[in-house]
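Presented below is the structure to which this report refers.
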Amino acid sequence: QAKIDDATSTLRVQKTQLQEKYQFEKDMMGIMGHELRTPMTVAKGMSELVIAKAENKEPIEEAYLLDKLEKIHMSIIKESNLIQTMLSTSHIDNTKVNLQYVKFDLIDLIDFTILSFKKDAELKNLSIEFIKPVAEKVIIESDQSRVQEVVTNLLSNAIKYTEVGSVKIILEIDEKNAVLSIADTGIGIPENEIPNIGKKFYRIGQHLDDDKDIVR
């Protein structure tokens, strides 16, 4: 009877854990779906405005066209980054992450990433400061797409969770290593949540506000 009770207790705990995991992943997929729709909605809206003007044979000012094209371009980049993150997650689930090592300039990669999020920062009146090393180039050998993904996610989160202030990117080098740090003046991460960094689909206090259709 004792063994049966122990086994029953273990199964009950495992069932609860599985239910929590299922609900957590279900919530996160709902949030991901919401975030995937947002950039596509922006791109669709901007393109429809330009098409409508063209169909009505209205004059299209260069500044107007450039503004709409920039927003469409940024939306495509955001969508691409979200899809890449989802694909990477599925690869990790299959314990297969293929790395392709190449030499590239880390400064160029960071500059490009900052440019990609320039509009997002401007909309929130946030400043982005990139403190570079003295060297004009920082050539490293790594998987460029994975490094790009990491820098993109860090910078995206820094801007997303900062309402007032700035985002600072610091690149330091020594004889063997390049160390990249990203700091912001946002809400931060509570100390008790730090052990959860890196957990799949984990987000502090995550939920989707159905009334306002806003991801919190």
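The values are calculated or read from the model by the stated rules, or taken from the named source; none is laboratory data. Worth saying up front: this structure is predicted, and the values here are computed from it rather than measured. Ligands, DNA and RNA are stripped out before the accessible areas are found, and what is left, the full protein with its side chains, is counted by its heavy atoms. Shrake-Rupley method; radii C 1.70, N 1.55, O 1.52, S 1.80 Å.
Structure above, values below:
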{"item": "Accessible area of the chain belonging to carbon and sulfur atoms, whole % at 1.4 Å probe", "result": "57 percent"}
{"item": "Residues of the chain: accessible area per residue with a 1.4 Å probe, Å²", "result": "71 Å²"}
{"item": "Surface/4 estimate of mean projected area, convex hull on alpha-carbon atoms of the chain, nm²", "result": "18.6 nm²"}
{"item": "Cα gyration tensor, region 146-190 - rounded (a/c under 1.5), prolate or oblate", "result": "prolate"}
